[in-house]
Structure formats: structure tokens, C-alpha cells
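**Q** Please find one structure pasted underneath; my questions will follow.
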Amino acid sequence: MQFSDFGLSQPLMKAIGEEGYDTPTPIQIKAIPHVLEGRDLLGCAQTGTGKTAAFALPILQYLSLNRKHPRAARSVRVLVLSPTRELASQIADSFTSYGRHTGITNTVVFGGVNQSRQVGALERGIDVLVATPGRLLDLLGQKAVSLAHVEVFVLDEADRMLDMGFIHDVRKITAEVPAKRQTLLFSATMPDDIRTLAAKLLHEPVEVAVTPVASTAETVDQAIYFVEKADKRGLLAWILDDKRIERALVFTRTKHSANRVAEHLDKRGIRAAAIHGNKSQNARERALDGFKRGEVRVLVATDIAARGIDIDQLGLVINYDLPNVPEAYVHRIGRTGRAGAAGQALSFCEAEERPYLADIERLIQMNLGAITQHPFPSSLGVPPKTELTKRHHVRAPQQGSQPGRGGSSQSRPRPAQKQRPSTDGRGAGQQGQSRPAQQHAAQSGRSASQRPAQQQRSATHVSVRPERSSSRAP
Ligand code: AMP
């Protein structure tokens, strides 16, 4: 499949060429034809799969073929809702890049900055508005924008939108958008609340999915360090002392911890910056720009702040803290190994996080290999491998020295496990390597065919519901 097969207009094809895209990604192959037809769409895809172009290109095509002049004041034709400012900015940048030869206009609005420029940009009407829910509601309340002429409504990262408590805002915004419209909903995960939302918002949608929730990018090498809580900072600095690591994105669970880790690294002479919700928009953009330009080597982020961070060639993600929601692990490591590039994800696991690790391993259906040769091994040693059978009971209280795993899982019958066929072999004569760059070198010879079957499936499906004519306004 080539971009030329979609029948996209010349100005769009030119921009795609200038972006350097050779072939469409799986989500683009699956989604673009349906969006071009005007169908509603429910897309299960993570950021990093090329999903922005999957909706932006057909929307730009529609807008350029159906121009409206003059525009009604303060009106918008396409509304894209995004949970975070960073993602909203990136989506708007993508519309600007892909639409640079079309004359289609866009603007982005989000909170935390003065609104006067945003109000000014909306004054004469705009084709595409990318917005975070809170600021959009403010502007709607002030009548600075009207959604009465929206023809296409996109909800991006809907799962994160609900996680962040935006459901009421989304409902209020949806009430302002005409019922006759095309709706596209993208989400990295498809829990029940997203299905419920989709059922309310979408009309006979086409469902497309790339990379199932439980799968981790095939190009990402993953490994785990079992470490004492107090030694995590030392371990991080020890890893980052390896000068071959040009850039790393480090995840912490809390904002406070992100600040402390960044400060500690800075003191050790490793240029680092923290990015999280308590930082001003300017501070976040400065940190991100510094990281992109290579002035800041390590970006320390919380989950929400990191959503939508799009950095080409990010080779290493480090989970300083393991997330207690296993899906967040998949999102985090999705920051590396993008667009088919090689990436590495290293996770630190202290005693209290061992149950989280088990949850993650069950979700991704894979045991993470332990790196044992490092200066800060856990006094508990390396736990036995997680039994990968999915369980649906409440986690037992932590017991003894190996909370949540060990004894109880050992006594269970072991199903055939899917494991990484590498040097890791947790619990069975580990011989992990000392530093990640070495590990990477050692692992780079492994071909895709050596990966566990579960991982090899790129697991895509398209289920097409009965045809109907476009619900998009003419
Ligand atoms: P997204 O999932 O939209 O955040 O996109 C992730 C990254 O993939 C962005 O840096 C895009 O520029 C890039 N990208 C999108 N589509 C393609 C493509 N067809 N070929 C190569 N890179 C792409």
C-alpha cells in the first residue's frame, strides 16, 4: 500500500513527500480510506503509530475539496480534542505540516497561557481547531468560539481524557457540536468506559486497531533491574554515566519524584530537566525544546506530562518507578522504538513494586529479562518469573520478603510461558549485562523471528460495520 493509493490531493502528497514518509503506517492504511468516505471511526492505536496523519490527512483532503468562503465569524469546521497541551500542540503542528500547501487554517487552544492570542486567532473563523477541554469550555462560555458549524469531531487519546477526569467536559463540548457530523475517536486502550463513550458519540463506526493494548512495540528491547528503593538514584546515575546514551526519557510516578530525580542528576553533572503538570507551560516547552535540541540529556517526566511527547530517535526509556496501572507501562515504552526504530526500555523494580511488575508481565504476556550485573542489586534477589496466565482476582496482600509473587505463584501449575529468548532468564542463572548500551549491542543481533509469538503478531484487525452514507454535513 502506498500513499498514492489513497487518492490524496497533490498538495497533500507533496507535503507527505516533504515529511519524508515513504509508506503509510498500519493505522493509516486501515483508517484513511474509511475517514475519506466520511465514516465514523473508532481507532485503537497508541501515539507513535502515525495516528495523527491517519485522521489529519483525510480531514485536510475533505476540507480542501469542500472549501467554505466566507467563514462564519468564530466558527470552526473541525474540532480535535486532546487531553494535554503537549499533544494538542503536536496535533496542530501536524495539521500545519501536512496542510502547508492547502491553505487550510488551524489553531490550537489550551490553558495555562494568556488567551488573548487564542481569541484573536478564532475571531475570523478557522478550519481546524485543536483544543484541550478546559480552555475550550472557557472560550465557549465567553462566546469566543462557536461549535455550531463543526463537521468533523475528533477525540484523541480518549482513554487519557477520561483518566484525567475530562468526561463531563467532553459531554458538555459534545452537546455543542451538531449531531450531523463525522466523529473519530482514538484511544490507546479500549476499557468499558471508552466503549460506552464511543457508543454514545459514534454512529455505526468502523473499528480499526493496531497494536493491541497488551502488546509492546516490537522494536523495543525491555529489561528490568531489581533494586532497593534507596538505590534507584544511584542506579540511574550509574546507567547514565555511560556516555553512549545520548538521550533518555525517565518516568517517575509523582511530580515530586520527577523534580528530585532531575535535581539529583544535575548535581551529578548529567543535564536533566523535569516535566510535569505543576510546571508552567513555558517551563515545559523549554524543557522539551532543550531535550529535542540535545542540550538536556535526560527528561524526567510523569505519565500525563509525557503523553504525546514526540521525539524522533528516542533510544532509551527508563521507568524509574513502575506504574501501578499496567497499561501505562505500554504507553511509556511506546515513547521509544517509534516508526520501526530500535529502542530500549529499562525498568527499576523495588520490593513494593514487584506486584506491579507481575501485572505488567501478565498484560504484555512476557517475562522481562533481569539485568543482574549492576552495583545495586536488591537484597531480595531476583524473584521467580511471573506466571503469565491472566488472573481476575484481587491481588493478595504482600507476604514475607517477596510481595505478591514467589511462594504462591511457584505452587501453581506453570503453563507454557512466553519468554524472551535472550540472556535474561530471570530466576534461572541470570547473566545480565552491565550497562544498557552493551545490552543493546548484545541484543541487536536478535531477529524479529526470535521474539515471542505473542509479540510477533502485529495483531491488527479491521471490523467493518454495515455501510451507510456519510453523516458529514455537506
Ligand atoms: P503519531 O502517532 O501521529 O504521534 O506519529 C508518530 C511519529 O510518526 C511522528 O513523528 C510522525 O511524523 C511519524 N509518522 C507518521 N506517519 C508516518 C509514516 N507514514 N512514515 C514515517 N513516519 C511517520
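The values are calculated or read from the model by the stated rules, or taken from the named source; none is laboratory data. The structure displayed is predicted, hence computed values, not measured ones. Using ideal geometry, Cβ is built from the backbone for each residue, glycine included, and neighbour counts are taken over all protein chains shown.
**Q** Determine if the stretch 31-42 includes at least one residue that is closer than 27 Å to R284 by Cβ, buried (at least 16 other Cβ atoms within 10 Å of the Cβ) and either at pLDDT 95 or above or outside the structural domain of L139 (by TED's automatic domain parsing) (or both).
**A** No.
**Q** V76 is checked against (1) in contact with a His (Cβ under 9 Å, 6 or more places away or on another chain); (2) surrounded by fewer than 24 Cβ atoms within 10 Å (Cβ to Cβ) and fails just one. What number does that condition carry?
**A** (2)
**Q** Then there is this: Which number in (1) crowded, with 23+ Cβ neighbours inside 10 Å; (2) in contact (Cβ under 8 Å) with a residue 40 or more places away in the chain marks the one condition that T189 misses?
**A** (1)
**Q** So how many residues does the stretch 218-228 have that are out of contact with any strand residue (DSSP E or B) (no Cβ under 6 Å at 6 or more places or on another chain) and either crowded, with 23+ Cβ neighbours inside 10 Å or modelled with pLDDT of 95 or more (or both)?
**A** Of the residues in the stretch 218-228, 1 are out of contact with any strand residue (DSSP E or B) (no Cβ under 6 Å at 6 or more places or on another chain) and either crowded, with 23+ Cβ neighbours inside 10 Å or modelled with pLDDT of 95 or more (or both).
**Q** Just checking, how many residues over the stretch 41-93 are closer than 17 Å to V145 by Cβ and of a type in the set (G, A, S)?
**A** 6
**Q** Of everything in the stretch 253-265, what is part of a loop (DSSP other than H, G, I, E, B) and farther than 13 Å from N278 by Cβ? Give them in sequence order. I'd like the intermediate steps shown before the answer.
**A** If we filter the stretch 253-265 for residues that are part of a loop (DSSP other than H, G, I, E, B), which is where we start, we get 253-254.
Passing the criteria: only R253.
**Q** Please go through the stretch 268-287 and give me each residue that is crowded, with 18+ Cβ neighbours inside 10 Å and at pLDDT 85 or above, ordered by number.
**A** Once the filter is applied, which keeps residues that are crowded, with 18+ Cβ neighbours inside 10 Å and at pLDDT 85 or above, the stretch 268-287 yields I270, A272, A273, A274, I275, A287.
**Q** When only residues in the stretch 67-103 that are among the polar types (S, T, N, Q) and touching a residue at least 12 places away in the same chain (Cβ under 8 Å) count, which is farthest from Q118 (Cα to Cα)?
**A** So, considering only residues that are among the polar types (S, T, N, Q) and touching a residue at least 12 places away in the same chain (Cβ under 8 Å), the one farthest from Q118 (Cα to Cα) is T102.
**Q** To continue, here is another question. Would you point out the residue of the stretch 3-20, among those that are surrounded by 19 or more Cβ atoms within 10 Å (Cβ to Cβ) and near the ligand (Cβ under 10 Å from one of its atoms), that is farthest from E204 (Cα to Cα)?
**A** In this case the residue turns out to be I16.
**Q** Given T52, T23, which one is within 13 Å of the ligand (Cβ to nearest atom), surrounded by 20 or more Cβ atoms within 10 Å (Cβ to Cβ) and either in contact (Cβ under 8 Å) with a residue 12 or more places away in the chain or among the aliphatic types (A, V, I, L, M) (or both)?
**A** T52
**Q** Provide a single number: the residues in the stretch 161-194 that are closer than 21 Å to F110 by Cβ, polar (S, T, N, Q) and part of a loop (DSSP other than H, G, I, E, B).
**A** Residues flagged as closer than 21 Å to F110 by Cβ, polar (S, T, N, Q) and part of a loop (DSSP other than H, G, I, E, B) within the stretch 161-194 amount to 0.
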